[in-house]
1. Counting other C-beta atoms within 10 Å, which of 170, 76, 148 has the fewest, and how do the rest follow?
2. So for each of 208-216, 130-138, 93-101 I average, over its residues, the number of other beta carbons within 10 Å; can you give me the resulting order with the highest mean first?
3. Among 156-163, 117-124, how do they line up from the highest to the lowest mean number of other beta-carbon atoms within 10 Å?
4. Run the helix sum for the chain: -39,500 (n - 2.57) per DSSP H stretch of 4+ residues, divided by residue count, reported at 222 nm to the nearest 500 deg cm²/dmol.
5. Multiply the residue gap between residue 40 and residue 26 by 0.36 nm, knock off their C-alpha separation, and tell me the result in nm, one decimal place.
6. If packing is taken as the average number of other Cβ atoms within 10 Å across a peptide's residues, how do 194-207, 24-37 rank, most packed first?
7. Given the Cα atoms of the chain, and with Rh set as the inverse mean 1/r over their pairs in the Kirkwood sense, what is Rg to Rh to two decimals?
8. What distance in nm separates the simple spin-label points at residue 3 and residue 86, each placed 7 Å from Cα in the Cβ direction?
Amino acid sequence: MRIIDLTGPMYHGMWTYGSPYPKVIVEEIPPPEFIEYPTYSWRFELGAQTGTYLETSLHMFREGPRLMDIPVESLFMVPTAVIKVDVKPLTPITVAQLEAAAPEINEGETILVATGWADDHWHHSDMVTACPHFEGAAMHWILDHKPFMMAGDMPRFDSWDDPQHFFHRFFQMGTLLLAPLFGTRGIEASRGKLVALPMKLDETCAAPCRVLFIEE
């Protein structure tokens with residue numbers, strides 16, 4: 001069994017989606033004066049969609065579930081089909097690419113599209129602005145398989161310049177969104193199990209999470 005950590009590291013000043021999403025702050029705080037010996041701690045400031053995060057339909061629909069309402073057992077050892085495709089900056093992933101690389105996909109599984117984009121760009125300024133995306137037909141091909149979760153290693157699934165508006169169907173189906181993954185080049189198998197454990201926050205549509213892929 002191999003375990004691949006697909007969680008991107010969060011760091012001070014890292015990429016974000018721009019205003020109104022907050023900048024990421026990770027900084028050491030001064031030792032408390034009321035403690036006689038030195039202690040060390042850090043302060044974090046970040047938004048729900050920071051780093052590798054899990055998101056529910058509450059992102060678009062007020063009636064959607066809070067992230068905390070998703071049963072944690074449903075996020076553990078989820079059967080996952082991996083589709084590896086080659087991409088270029090700002091170019092769409094097509095149906096033909098997905099069909100050519102897809103293993104067997106069963107309804108209710110996770111579909112993980114691995115491009116290596118985040119592996120190469122996580123610490124670069126163009127992580128978000130130059131990322132590839134899905135053409136509309138490609139995302140609808142994915143949704144036709146009725147996945148429980150759609151995972152990818154790009155920070156955006158739609159185009160900056162030509163939004164395909166597939167997210168209405170995406171979230172209307174109740175599909176969970178998991179992105180952007182980091183470390184997908186380490187995946188060797190076309191199928192495996194996924195673990196995605198988000199922060200337990202009382203009221204949010206999304207939160208950073210730790211993601212593991214298990215090859216058996």
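No lab work stands behind these numbers, since they all come straight from the coordinates. The model shown is predicted, which means the values in this text are computed figures rather than measured ones. Positions of Cβ are backbone-derived with ideal geometry, glycine not excepted, and every protein chain shown enters the neighbour counts.
1. Numbers: 170 23, 76 13, 148 19.
Fewest-to-most ranking of 170, 76, 148: 76, 148, 170.
2. Order by mean packing, descending: 130-138, 208-216, 93-101.
3. On the way: 156-163: 14.8, 117-124: 17.6.
Taking the mean over residues of other Cβ atoms within 10 Å, the ranking is 117-124, 156-163.
4. -3000 deg cm²/dmol
5. Residue separation times 0.36 nm, minus the Cα-Cα distance, leaves 3.7 nm.
6. 194-207, 24-37
7. A ratio of 0.99.
8. In this crude label model, residue 3 to residue 86 measures out at 3.4 nm.
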